[in-house]
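The values are calculated or read from the model by the stated rules, or taken from the named source; none is laboratory data. Being a predicted model, the structure only gives us computed values, none of them experimental. Every residue, glycine as well, gets a Cβ built from its backbone with ideal geometry; the counts of neighbours run over all protein chains shown. Just so you know, the surface numbers come from the protein's heavy atoms only, side chains and all, with ligands and any DNA or RNA stripped out. Shrake-Rupley method; radii C 1.70, N 1.55, O 1.52, S 1.80 Å.
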Amino acid sequence: MMVESASMAGDSVRKFLGFTVAAGLLSGCATSSFPPAPAVASDAAYNYVIGPGDNVNVVVWRNPELSMAVPVRPDGKITTPLVEDLPALGKDSSTLARDIEQALAKFIREPVVTVIVTGFVGPYSEQIRVVGEATTPQTLPYVQKMTLLDVMIAVGGITEFADGNGASILRTGEGNKQYSVRIEDLIKRGDVSANVEMRPGDVLIIPQSWF
């Protein structure tokens, strides 16, 4: 169910971008009507959830032969000794640990499991996507309190053809609402007031400038 949900979210983003990116790249002023992005956007109650490509270190107390580090497969499941094809996608580490305990209870008495997540990638639906005139357009794992400046450092800034102040954030977590951002003011003029927080699933769209 979580895999299907993430896939549907990705399809929604791709369909929206089919129009938005094309329009934005054709006109540097296409995003001028969007409201400014709020400076504070992260959720204090946010909990990291596991995604495909993450690594999880499973520790079974007093059972070292059952403890190991395993990757989360593309289908969102993990396999550990005595536990096969256990769904991990979309769960936090504590929830996954309880699920493993329940599965192991068939074989050992009162198992105690700790799960430590490493190699953070996160679910596709929570990753930050950067498209358009970034130096290196890419997908980034979301990190709590991540800002627009953090994203721009990760992608190497914008190209010489970018309309940085015409950029926008597509916020999938708010029903694809779109906000304007001022990347050029932020990274070329040092205007810290242009720095805003990102949210899981945000898509940063940087159009091309005609001037």
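A few remarks follow.
- Looking only at segment 183-211, and only at residues there that are charged (D, E, K, R) and touching a residue at least 24 places away in the same chain (Cβ under 8 Å), the one that is nearest to ASN47 (Cα to Cα): ARG199
- The one condition in (1) part of a loop (DSSP other than H, G, I, E, B); (2) of a type in the set (A, V, I, L, M, F, W, C); (3) buried (at least 16 other Cβ atoms within 10 Å of the Cβ) that VAL58 fails to fulfil: (1)
- Residue that is surrounded by the most Cβ atoms within 10 Å (Cβ to Cβ) [pool: residues in segment 171-211 that are under 16 Å from ARG129 (Cα atoms) and among the hydrophobic types (A, V, I, L, M, F, W, C)]: ILE206
- Close pairs (8 angstrom Cβ cut-off, 6 or more residues apart or separate chains): within 11 Å of THR136 (Cβ to Cβ) in segment 146-163, open to solvent by less than 30 Å² (accessible area, probe 1.4 Å) and not hydrophobic (A, V, I, L, M, F, W, C) anywhere: ILE158/GLY164
- Hey, SER125 out of contact with any Asp or Glu (no Cβ under 6 Å at 6 or more places or on another chain), at pLDDT 95 or above and either more than 28 Å from ASP75 (Cα to Cα) or open to solvent by less than 20 Å² (accessible area, probe 1.4 Å) (or both) or not: no
- Scanning segment 146-184 for residues that are within 10 Å of ILE206 (Cα to Cα) and β-branched (Val, Ile, Thr) turns up ILE158, THR159, ILE169, VAL181, ILE183.
Every residue, every condition in (1) within 16 Å of the chain's Cα centre (by Cα); (2) at pLDDT below 95; (3) open to solvent by 80 Å² or more (accessible area, probe 1.4 Å), yes or no:
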| residue | (1), (2), (3) |
| --- | --- |
| SER5 | yes, yes, no |
| SER27 | no, yes, no |
| TYR46 | yes, yes, no |
| LEU66 | no, no, no |
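- Selection of segment 85-99 for residues being open to solvent by less than 20 Å² (accessible area, probe 1.4 Å) and in contact with a Ser or Thr (Cβ under 7 Å, 6 or more places away or on another chain) yields only ALA97.
- Inside segment 145-168, residues that are under 24 Å from PRO35 (Cβ atoms) and either part of a loop (DSSP other than H, G, I, E, B) or under 14 Å from the mean Cα position of the chain (by Cα) (or both) make up a count of 8.
- Breaking point among (1) modelled with pLDDT of 95 or more; (2) under 13 Å from the mean Cα position of the chain (by Cα); (3) open to solvent by 70 Å² or more (accessible area, probe 1.4 Å), for LEU140: (3)
- Count of segment 171-211 residues which are assigned to a strand (DSSP E or B) and either in contact with an Asp or Glu (Cβ under 7 Å, 6 or more places away or on another chain) or among the acidic types (Asp, Glu) (or both): 5
- Meets criteria (modelled with pLDDT under 95, among the small types (Gly, Ala, Ser) and within 29 Å of VAL196 (Cβ to Cβ)) for GLY119: yes
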